[in-house]
1. Does residue 16 count as under 16 Å from residue 171 (Cβ atoms), surrounded by fewer than 24 Cβ atoms within 10 Å (Cβ to Cβ) and without any contact (Cβ under 8 Å) to a residue 40 or more places away in the chain?
2. Which ones in the range 237-273 are in contact with a strand residue (DSSP E or B) (Cβ under 7 Å, 6 or more places away or on another chain), more than 19 Å from residue 199 (Cα to Cα) and in a loop (DSSP other than H, G, I, E, B)?
3. Can you name the condition, by its number, that residue 276 falls short on among (1) within 29 Å of residue 27 (Cα to Cα); (2) touching a strand residue (DSSP E or B) at 6+ places or on another chain (Cβ under 6 Å)?
4. Limited to the range 198-226, what total is found for residues that are small (Gly, Ala, Ser) and outside any strand (DSSP E or B)?
5. I need a count of the residues in the range 61-73 that are crowded, with 23+ Cβ neighbours inside 10 Å and either within 18 Å of residue 99 (Cα to Cα) or within 12 Å of the chain's Cα centre (by Cα) (or both).
6. If only one of 58, 52 is assigned to a loop (DSSP other than H, G, I, E, B), surrounded by fewer than 24 Cβ atoms within 10 Å (Cβ to Cβ), touching a helix residue (DSSP H, G or I) at 6+ places or on another chain (Cβ under 9 Å) and touching a residue at least 24 places away in the same chain (Cβ under 8 Å), which one is it?
7. Looking only at residues in the range 31-49 that are in a helix (DSSP H, G or I) and free of Cβ contacts under 8 Å to residues at least 40 places away in the same chain, which one is nearest to residue 217 (Cα to Cα)?
8. Checking residue 78 against (1) surrounded by 23 or more Cβ atoms within 10 Å (Cβ to Cβ); (2) closer than 17 Å to residue 33 by Cβ, which test does it fail?
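Read-outs: derived from the displayed coordinates by stated rules, not from any lab. Given the structure is predicted, the values throughout are model-derived calculations rather than measurements. A quick note on method: Cβ atoms are made from the backbone with ideal geometry, for glycine too, and the neighbour counts reach across all protein chains shown.
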Amino acid sequence: MTALVVASTNGRIGLNDAMAVLRDGGSAVDAVVAGIRPVEANPDDHTVGFSGYPNLRGEVELDASLMDGKTLATGAVGALRDYQDAILLAQHVMNELPHVLIAGEGARQLAEEMGLPPVNLLTPEMKAVWQSRLDSEGLASNDAAGRVRSLVGQLSRDPERAAESHGTVNVIARDRAGNLASGVSTSGWAWKYPGRLGDSPIIGAGNYADNRWGAAACTGRGEMAQRCCTAHCVVSSLRHGLSLTAALRAAMVDLLALDDPYKSEINIVAIDRDGNHAAASSRPGKTYVYLTDEMDEPLEAERIFVAS
């Protein structure tokens, strides 16, 4: 069976690592982890891992989740500080704990116990961006919730700052045995309220995989995907006989119908059990990337555009 890796466009740098796992006979789960880790380490990607955009207090908090389509086993971490390898920690939760999601100080403690190397996630560049944004908006009051509402509202309506308001890496893999796995990692919305969790660590919202039907993962405004259980919605639509493109369109229609004053870009990438792949976006011209074991390098493809 043809091995396949599909990702959001920023996941391109990890696709060859993921495919190396699959070509060696490795599992889809291990391929997803291998594909995401280079993105988490990439200092030029300010929406995932190291050098991510910080929260309102200037702290970088990471979220990640992982799902095995063969067993439906899952692991996730949220609001992780001081450690870069969020997806590796999510895999540890999946394999070693009787839980699905560990967040905040518990996630930090688990990373320490696991022996992961601590990392100062806030780079000088991102610290300067964080401070300048707060200063430029004159948001010096103690009303933290009000400051978040103001910043998120501005960012969600500003296409020039779209990467600040949301950004995530999605990786979905199918191994040579036909097993699926999906993973998501993010530093979340810039200037978010401390402790905010979007859809990325929430199984069924930002991430879902089931060998019997397919797998899906999301980027964009996570609160929208949480309300619609978007990743599960796509897979459930496949289960009920919709084609992959129809399942993606149905999920996007639900998202875009939401009454949300902070509504902004939302994206989905997915594959079905037969290895067909596609992606959708509420913004025209968006792309995703894919690689099979018969290809030398990843290719970029256009996402289906669904207008609100």
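1. no
2. Residue satisfying the conditions is 273 alone.
3. The one condition residue 276 does not meet is (2).
4. Result for the range 198-226: 7.
5. So the answer is 8.
6. 58
7. Here the residue is 34.
8. (2)
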